[in-house]
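To start, the structure itself, in structure tokens.
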Amino acid sequence: QGEVILLIDDDAVAPPDWIRRHLAHYADPTVGAVGGPAVNYWPDGTAYPEHPVEPIGTLSWFGRLRGNMFDQPESWRTRAPREDDHVVGYNFSLRRHVFGHFEEQLKRYWQLWELEACLQVRGSGHRVLFDFQNVVEHHPTNTAYYGGRHGDLDVKIYGGAFNQCFVLAKHSPAHLRPVRLVFQLLVGSVSMPGLVGAVVATRRFGQPLRELRVLARTLQSSLQGWRAGAGRRKSG
């Protein structure tokens with residue numbers, strides 16, 4: 001019922017000043033959402049290797065998503081907050097009245113629900129900030145986080161492909177929709193492959209026939225997501 005909603009994963013641990021740091025940004029009325037990084041830990045308590053990769057939290061004009069909001073070097077914690085396109089749900093807050101609702105048509109494990117919420121925030125004319133200093137500890141156990149082709153591919157790959165295309169179809173401006181759809185189908189990524197992504201995945205994982213099956217299912221899921229997102233856009 002409050003003005004600001006704060007979200008954190010059930011396998012994450014917040015620092016003592018986590019809420020205060022989030023709320024401080026909302027003194028600026030132009031801020032609609034705030035995110036921060038996480039440090040990931042293995043079950044034995046050791047931290048993941050550092051991940052000093054940029055850009056952070058971007059959506060390119062042609063539809064490529066970049067996250068890189070985890071395992072950042074400790075030296076980055078001195079950086080000032082910056083404006084991003086999206087943030088991650090393990091360390092996330094948003095101003096209640098600047099978005100409508102969390103999208104219920106996304107598929108499990110609901111990848112990219114944060115992007116969808118952030119695009120609602122940005123569509124209302126508000127900014128999304130990333131606070132390098134407000135770091136949570138994350139202790140992931142869900143196998144969907146791990147790379148490779150083992151486990152439930154409906155959860156790891158096909159649901160994510162559906163969701164990504166759903167969100168892009170729903171929120172992209174008309175002149176970018178064809179470009180973004182073509183990028184997903186022709187390029188994609190190793191985790192949600194288009195044609196180029198499938199070639200890279202085959203070189204990385206082997207088993208060409210399996211990767212062809214993964215590609216076919218991913219393309220099918222992407223097209224289904226795009227149609228569903230377009231319908232959601234038309235229905236408001």
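The values are calculated or read from the model by the stated rules, or taken from the named source; none is laboratory data. None of the values given here were measured: they were computed from a predicted structure. Note that each Cβ is placed from the backbone with ideal geometry, even for glycine, and that neighbours are counted across all protein chains shown. Just the protein is used for accessible areas: all its heavy atoms, side chains included, with ligands, DNA and RNA removed. Shrake-Rupley method; radii C 1.70, N 1.55, O 1.52, S 1.80 Å.
Inside segment 54-67, can you point out the residues that are more than 14 Å from Glu114 (Cβ to Cβ) and either in contact with a strand residue (DSSP E or B) (Cβ under 9 Å, 6 or more places away or on another chain) or free of Cβ contacts under 8 Å to residues at least 12 places away in the same chain (or both)?
Once the filter is applied, which keeps residues that are more than 14 Å from Glu114 (Cβ to Cβ) and either in contact with a strand residue (DSSP E or B) (Cβ under 9 Å, 6 or more places away or on another chain) or free of Cβ contacts under 8 Å to residues at least 12 places away in the same chain (or both), segment 54-67 yields Glu54, Pro55, Ser60, Arg64.
For segment 53-84, a tally of residues being in contact with a Pro (Cβ under 7 Å, 6 or more places away or on another chain) and open to solvent by 60 Å² or more (accessible area, probe 1.4 Å) returns 2.
Under the condition of being assigned to a loop (DSSP other than H, G, I, E, B) and open to solvent by 60 Å² or more (accessible area, probe 1.4 Å), the residues counted in segment 190-202 number 1. In segment 94-109, the residues that are over 27 Å from Ser221 (Cβ atoms) and open to solvent by less than 20 Å² (accessible area, probe 1.4 Å) form Cβ pairs under 9 Å with partners that are aliphatic (A, V, I, L, M) and assigned to a helix (DSSP H, G or I), at six or more places apart or across chains, as follows: Leu94/Ala117; Leu94/Val121; Arg95/Val121; Val98/Val121. Is segment 158-174 home to any residue that is surrounded by fewer than 19 Cβ atoms within 10 Å (Cβ to Cβ) and either out of contact with any helix residue (DSSP H, G or I) (no Cβ under 9 Å at 6 or more places or on another chain) or among the hydrophobic types (A, V, I, L, M, F, W, C) (or both)? Yes, that holds for at least one residue.
The rows are residues; the columns are (1) at pLDDT below 95; (2) of a type in the set (S, T, N, Q).
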site	(1), (2)
Ser124	no, yes
Tyr145	yes, no
Lys156	yes, no
Cys165	no, no
Ala198	no, no
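Exactly one residue out of Asp17, Asp44 is under 21 Å from Pro140 (Cα atoms), out of contact with any strand residue (DSSP E or B) (no Cβ under 8 Å at 6 or more places or on another chain) and among the acidic types (Asp, Glu): that is Asp44. If only residues of segment 203-232 that are open to solvent by 40 Å² or more (accessible area, probe 1.4 Å) and of a type in the set (S, T, N, Q) are counted, the one that is farthest from Arg66 (Cα to Cα) is Gln207. Hey, any hits in segment 139-148 for a residue that's in contact (Cβ under 8 Å) with a residue 24 or more places away in the chain, closer than 30 Å to Ala14 by Cβ and in contact with a strand residue (DSSP E or B) (Cβ under 9 Å, 6 or more places away or on another chain)? Yes, some residue in segment 139-148 is in contact (Cβ under 8 Å) with a residue 24 or more places away in the chain, closer than 30 Å to Ala14 by Cβ and in contact with a strand residue (DSSP E or B) (Cβ under 9 Å, 6 or more places away or on another chain).
On the basis of being open to solvent by 20 Å² or more (accessible area, probe 1.4 Å), more than 30 Å from Pro16 (Cβ to Cβ), at pLDDT 95 or above and under 16 Å from the mean Cα position of the chain (by Cα), does Gln120 make the cut? Yes; evaluated as a whole, the condition is true for this residue. For segment 1-41, the tally of residues that are open to solvent by 50 Å² or more (accessible area, probe 1.4 Å) and over 21 Å from the mean Cα position of the chain (by Cα) stands at 12. Summed over segment 173-189, the residues that are part of a loop (DSSP other than H, G, I, E, B) and of a type in the set (S, T, N, Q) give a count of 1.
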